[in-house]
1. Return P(r) of segment 297-422 (all Cα-Cα pairs; 5 Å bins starting at 0; whole %; ordered from short to long distances).
2. Report the full-extension gain for the segment Ser352 to Glu421: residue separation times 0.36 nm, less the Cα-Cα distance, to one decimal in nm.
3. Run lengths n ≥ 4 of DSSP H only: what is the helix-derived mean residue ellipticity at 222 nm for the chain, with -39500 (n - 2.57) per run over all residues, to the nearest 500?
4. Starting from 0 in steps of 10 Å, tell me what percent of the Cα-Cα pairs of segment 34-174 lands in each bin.
5. Rounding to the nearest 20 debye, state how big the charge dipole of segment 150-236 is about its Cα centre with +1 on each Lys and Arg Cβ and -1 on each Asp and Glu Cβ.
6. Between segment 388-412 and segment 203-229, how many Å separate their Cα centres?
7. Would you kindly find the accessible area of Phe179, with a 1.4 Å probe and non-protein molecules such as ligands, DNA and RNA excluded, rounding to the nearest 10 Å²?
8. Based on Cα coordinates alone, diagonalise the gyration tensor for the chain, multiply each eigenvalue by 5, take square roots, and list the semi-axes in whole Å, largest first.
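The values are calculated or read from the model by the stated rules, or taken from the named source; none is laboratory data. If you're wondering where the values come from, they're calculated on a predicted model, not measured in any experiment. FYI the Cβ positions are ideal-geometry reconstructions off the backbone, even for glycines, and counts take in every protein chain you see. Each accessible area value is taken on the protein alone, full model and side chains, heavy atoms only, with ligands, DNA and RNA left out. Shrake-Rupley method; radii C 1.70, N 1.55, O 1.52, S 1.80 Å.
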Amino acid sequence: MPSSRVTDSVAHVALVGAGPGDPGLLTVRAHDLLARADVVVHDRLVPPEVLALAAGARLVDVGKRAGCHPVPQGRINDLLIEEARRVGTGGLVVRLKGGDPYVFGRGGEEATRLLEAGVPFEVVPGVTSAVAAPALAGIPVTDRRLSSSFHVVTAHRRAGAPLDIDYEALVRTGGTLVFLMAVATLDEVCAGLVSAGMDPGTPAAVVERGTLPDQRRVDGTVETIGALSRAAAVGSPALLVVGDVCSLAPRLDFRARLPLAGRRVVVTRPRDRAAGIAGLLTGLGARVDLVPCVETRAVPPALLAPVVERVPDFSWVVLTSTFGVSCLMDALDAAGCDVRWLAGARVAAIGSATAAELARRGVRADLVPEVYDGAHLGAAIASAAAPGERVLLFRAAAGTRDLPDALAAAGVPYEDVAAYETVLAPEPAPEGLAEALADGVVDVVTFTSGSTVEGFARLFPDASGWRFVAACLGERTAARARAHGYRAVVAPEATIEALAHAVAVVQFSA
Ligand code: SAH
């Protein structure tokens, strides 16, 4: 049968909703499919964090920008079929759309074309912005006390044509009205509702970039919301909510009550280590900018192989970071050895995290100092080492002097091997950030080490005296920040939880 032959040679296509913007609102099914996708055909409103989940996929952007349509819908339909055929049996093509694929997403047209072409497909519903953006702005779309129905309407105008909305019918429902694609047509929609008999004093709200960290809400009435939104320069994506439920917004906007609501915080950690602190700050209501100010780069393992070959000449091997542990293991591998090569040496770790990484690799640390820093590590080794025992330090190039100085002071011979280097300012500063920092639009910059301070100072050489607050992990980091002329506060403990707390209690000047 010809049709089954076609079906046999095509990939499966999933029409997947990416949710309203906050990556946390993605469904588990969407998450799974993205991880397995061969190709992802996506829109403009899909958040980058969601696209990043499709690590193994080829990305095809068919995004539409307001007013111009780079890829017409008919072409997208054909493209899905072409990709399904190209990927072939057993493969997966994900068609990823903002919100829900069947809520003004033209998902129905795409599904119909796939069906006609004999391409197997499924639909994965998403959290629609029509409900989620009002919710996170404090507006329940229904409420037994105020509204017993809600109606989602498109306020998109085809070029030149008037809006095709039955205002009388909508007003008669007495329910909550949610208008999508409404930025350009706010005045026309509101005038239409009033002329159909709606009370001009009916509460209304516009929600811009709903569920995202920089979400904004403008409150007004059907009569005033157009002018108020223009004054606030509301842009896309945004939606209009009309109805008495809008009056609940100021009280139910729980995000506005979070300690860092409305605050913008820069995280300077390396990108691969920023998630912890960024997540805590977002949970406290902050808008977080990731600006990696340092990057750790390993010395190629082949270059370190000759060093590890000499490990039997040493009585101690010392690690000062989890990254150093992985560099050591890679170097052992490059030298054709494994952890047994360390058998004759005692192994010291600077702290619990480094010791845990060693344990994960099958090596139990013989020594961890009581206080996790270089000076204490050096002193502990010096008192444990027998006279003449040699120490191999396997750590960052240009690491602090505390550790070698403590060994030298005790007369312990050592060799300091640079296993990795810390590169300052590995990426250019994001556009506009310097101005935002200077003007206090960014409230706080978090620093987790002296090198993050130095990397930041390299990116922003004029930052001395700017209005942001430097929230620092540890006194040493704070001292570096102050040396650059930043106003610094210090986390009471050396943990990212304590750092997030320090940010939350910053006394912001007006
Ligand atoms: N399928 C999508 C809607 C697509 S139409 C969904 O279910 O959400 C695009 C319109 O959705 C935008 O013009 C805007 O009105 C609305 N929209 C999408 N994301 C939004 C967001 N984060 N905040 C406010 N409105 C949003």
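1. Calculated over all Cα pairs of segment 297-422, the distribution is 2, 12, 24, 27, 22, 11, 2, 0 percent.
2. Once the chain is fully extended between Ser352 and Glu421, it gains 22.6 nm.
3. It comes out at -9500 deg cm²/dmol, rounded to the nearest 500.
4. 10, 33, 32, 18, 7, 0
5. It comes to approximately 240 debye.
6. Result: 60 Å between the Cα centres.
7. Approximately 0 Å² for this residue.
8. Computed over the chain, the values are 54, 32, 17 Å.
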